[in-house]
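What follows is a set of notes on a single structure, which appears directly below.
The values are calculated or read from the model by the stated rules, or taken from the named source; none is laboratory data. Source: prediction; values computed, not measured. Every residue, glycine among them, receives a Cβ derived from its backbone with ideal geometry; neighbour counts consider all protein chains shown. Quick note on the areas: whole protein, heavy atoms, side chains included, nothing else; ligands and nucleic acids left out. Shrake-Rupley method; radii C 1.70, N 1.55, O 1.52, S 1.80 Å.
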Amino acid sequence: MSDWIDIAPLDDVPQRGARMIKTALGCVAVFRTAEDEVFALDNACPHKGGPLAEGIVHGKSVTCPLHNWVISLETGDAQGADEGRVATYPARVESGRILLDRAFLRPQSKDGVAA
Amino acid sequence: MTTDTGEVLAYDRLVFGTGSNPFMIPLPGHDLTGVIAYRDLEDTQRMMDLGPDHKCVVIGGGLLGLEAAAGMAARGVDVTVVHIMGHLMERQLDEAAGYLLRKALVDKGITVKCTANSKEILGETGKVRALLLDDGTELPCDLLVMAVGIRPNVKLAQDAGLAVGKGIHVDDQMVTSDDDVLAVGECVEHDGAIFGLVAPLYDQAKVAAQTLMGQQAQFVQKELSTKLKVTGCDLFSAGDFADAEGREDIVFRDPARGVYRRLVIEQNVVKGAVMYGDTADSNWFFGLIRDKTDIADMRDTLIFGPAYQGGTPLDPLAVVAALPRDAEICGCNGICKGQIEDAIAAGATDLGAVRSTTKASGSCGTCTGLVEQVLAVTLGDDFVMPAAAVICGCTDMTHEDVRRMIKSQRLMSMPAVWQECGWKTSCGCHVCRPALNFYLLADWPLEYQDDPQSRFINERKHANIQKDGTFSVVPRMWGGITTPDELRAIADAADKYMVPTVKVTGGQRIDLLGVKSEDLPDIWADLNAAGMVSGHAYSKGLRTVKTCVGTDHCRFGTQDSTGLGIKLEKELWGSWTPHKLKLGVSGCPRNCAEATCKDIGVICVDSGYQISIGGAAGMDVRETELVVQVATEGEAIDVIKAVTQLYRENAKYLDRIYKWMGKVGLDWIKDRVELEGPALVDRFELSQSIYRKDPWAEHVQTKAERYQPLANLTLEAAE
């Protein structure tokens, strides 16, 4: 069952941008697209752990600032020739607020799905 | 022969190469300012200087006039072409092809007036204002270009008593009516013809050279073909296509695709060809005309081109492969397929090498594709067809195309660029967005709002990201000069924020490595309080101006190199450029500041300042090349601002100065700086009125919270 946590106003994250949330288990990046959709992913590129929240957001993807891996915000999969996956978490916008499912606070299993 | 200074030169043989003059119709007002011909670099520059929102009238709907009109229209100028005949390019095209061409030009936003007689050029305070037609129409204009043909320059020959008609009369050996005097080029008349295209002129020069050496040679007028160099208007014409007794036409029309082909045939030989819309087979048809091939056997399918002669359709490469060695590939320079094959066999294995060894495709460039196909056929799999360097997968356009569109169509926002240039993605990608953001802010400093979300993280957060996600902080040290107070403030900041590494950089300043994102606004505030600002060590913009100690201390110094370095850094800091920009100022040719491997370097000498550009000391190592030597510091600063602005306005994103210089040439840069230096400096200053400021102080004030986590849920339970 979903258990949504109110994180912050949508406007605290710029369009085509991201901010980072600290949790006890590491950092999660919250992305906002040009169309005001929000996505939540672990803030670590599967390549060398680059902070995805600092990347350039385009369409429904983000480019890692360290070595330009492109990660899908929807699936967490590395795009193109690169292989790897980042854990994703349910996120949505309601009344101008960003909500995340509490799942992102739980430890992750190896395949990147919330346990 | 007597020169204008009165010097007398004796000759055994004399060659006239006096060329031609553009014909200026002696309309009332033809001597007003702003009435020009289209002949030389200066005329072209006048046209290029005409920005969007200006109006231009071109008199003359021939090759040159239309190329001028299309070029200006592409730069956003409102162009009207006035042509006296019933259709455009009437000497090369029939009416149907002229109609299609007119339609294509109108689609490009050009107004075309045919059967239009110019009556008078109207002016105001000595400057052109409008063209008046004899039907009373007034066409307002800021510039009027006359492209109505050339007249051989025969005055001197006439005065010398040589036989002169339209041009200087010459025989097949290029000898005039005086046996010791020859003539070549646009000044001659041979067998009733005068010459405006380049190919026969090269032939004439070869014949003249052989005649001078006492060898037998004969100039023969060949069939000429014409192509128009206007993007999107594919047309070709060759030979004679006037209606006459005994001539028949074969015509092919596909109105929906805008394709038109007409062949004029006389006694089973092709006499002329006009093609519009699809000219891929033009060389094959031209060959039929030139070789007077008997076409009786292929008449049924002739109009469809070589692919439909004798069975299965051929691919374009096979067509080129089937061409004989004496098939002409480059009309401008008279280069045949065999010469290109020989050059390839001798080691010229790419387009550039073929061009530099044979000149093929080196003049007008329309045969470039054909030369590439000869390369492909000859080299087989060893040849890689060069792909146009598009910016990224989001677009089919190159950086140069997009920069031109931004300027000519006055595109001032990223969505406008995406729309007008046909972007294939919703909002670009990490490759194109930073480039577009730079182009827009460089061209429209007042109108365009910088987009942080289109910047790489370093430029968004004004610090350099490190591999562990921390940042490095480099305060500016103007000209590499610091003070005990600044050093104390840096030491205090390093202690307070527990900076793990403090390093002295190659740019004569101090790098604090390993600062956490959350701490950036605080460390900046502390450094600001001590009078320091961002060193932009992270930007595609001015980095450092490295200096030596100059006359203040050095026994060899010739000028105050440190002082000039500081002044330059204070003028240029904050400016965004296509790539990083590093300067150096050395006080004497011993060059302790290593200025000659910087993007822009100054070497002080007794008599002034040598300014050179295009150095590199990274993946490539290169020495700078001299632009100019000036006498004063003020002049040196202005030249450097002008070069920087020229670079900002023209270079491809992520090209350092040396790469840009390799494309446009040092001479072009020198000319522009000399001709429009003050205007470049003005535009640089305009841009700097927005960008010459400390981004650290601004972010401390307005954006500090963006450096903090959006939320801290470390104490929040999972369940």
Subject >> Residue satisfying all of: in the stretch B:467-503; within 11 Å of chain A (Cβ to nearest Cβ) and open to solvent by 50 Å² or more (accessible area, probe 1.4 Å); nearest to B:V585 (Cα to Cα) among these >> reply: B:K467
**OP:** Might you check whether a residue that is farther than 27 Å from B:E372 by Cβ and open to solvent by less than 10 Å² (accessible area, probe 1.4 Å) occurs anywhere in the stretch B:272-283?
**Re:** yes
Original post:
Right, B:Y647: open to solvent by 10 Å² or more (accessible area, probe 1.4 Å), on the phi < 0 side of the Ramachandran plot, aromatic (F, W, Y) and outside any strand (DSSP E or B) or not?
Top reply: no
**OP:** Please enumerate the residues belonging to the stretch B:696-719 that are among the small types (G, A, S) and in contact with a Lys or Arg (Cβ under 9 Å, 6 or more places away or on another chain).
**Re:** B:A711, B:A717, B:A718
**OP:** Specify the residue that is nearest to B:Y609 (Cα to Cα); the eligible residues are those in the stretch B:545-562 that are out of contact with any helix residue (DSSP H, G or I) (no Cβ under 7 Å at 6 or more places or on another chain) and part of a helix (DSSP H, G or I).
**Re:** B:T551
Original post:
Do you know which residues across the stretch A:12-33 are of a type in the set (G, A, S) and crowded, with 17+ Cβ neighbours inside 10 Å?
Top reply: A:G17, A:A18, A:A29
Original post:
What tally of residues in the stretch A:1-39 results from selecting those that are more than 10 Å from every other protein chain (Cβ to nearest Cβ) and either touching a Phe, Trp or Tyr at 6+ places or on another chain (Cβ under 7 Å) or among the polar types (S, T, N, Q) (or both)?
Top reply: 4
Subject >> Condition broken by B:G428, with the remaining ones in (1) in contact with a strand residue (DSSP E or B) (Cβ under 9 Å, 6 or more places away or on another chain); (2) more than 25 Å from B:V230 (Cβ to Cβ); (3) at pLDDT below 90 satisfied >> reply: (3)
**OP:** Return the pairs, sorted by first residue and then second, in which the second residue is assigned to a loop (DSSP other than H, G, I, E, B) and at pLDDT below 95, the first residue lies in the stretch B:697-719 and is at the interface with another protein chain (Cβ under 8 Å from one of its Cβ atoms) and open to solvent by less than 60 Å² (accessible area, probe 1.4 Å), the beta carbons are less than 7 Å apart, and the residues are 6+ apart or on different chains.
**Re:** B:T714/A:A24; B:A718/A:R106
Original post:
Under 7 Å by Cβ, and 6 or more places apart or on different chains, what pairs join a residue from the stretch B:391-405 that is free of Cβ contacts under 8 Å to residues at least 12 places away in the same chain with one that is outside any loop (DSSP other than H, G, I, E, B)?
Top reply: B:T398/B:V390
Subject >> Lone qualifier among B:G71, B:G98, B:G76, B:G123 - being without any contact (Cβ under 8 Å) to a residue 24 or more places away in the chain and open to solvent by less than 50 Å² (accessible area, probe 1.4 Å) >> reply: B:G98
Original post:
Failed condition for B:G422, given (1) exposed (fewer than 15 other Cβ atoms within 10 Å of the Cβ); (2) free of Cβ contacts under 8 Å to residues at least 24 places away in the same chain; (3) away from every other protein chain (no Cβ under 14 Å), with all others met?
Top reply: (2)
Original post:
Given the conditions (1) open to solvent by 10 Å² or more (accessible area, probe 1.4 Å); (2) outside any loop (DSSP other than H, G, I, E, B), and given that A:T75 satisfies all but one, which numbered condition is not satisfied?
Top reply: (2)
Original post:
List the pairs whose first member sits in the stretch A:59-72 and is at the interface with chain B (Cβ under 10 Å from one of its Cβ atoms) and in contact (Cβ under 8 Å) with a residue 40 or more places away in the chain, whose second member is part of a strand (DSSP E or B) and among the hydroxyl-bearing types (S, T, Y), and whose Cβ atoms are under 9 Å apart, counting only residues at least 6 apart or on separate chains?
Top reply: A:V62/A:S72
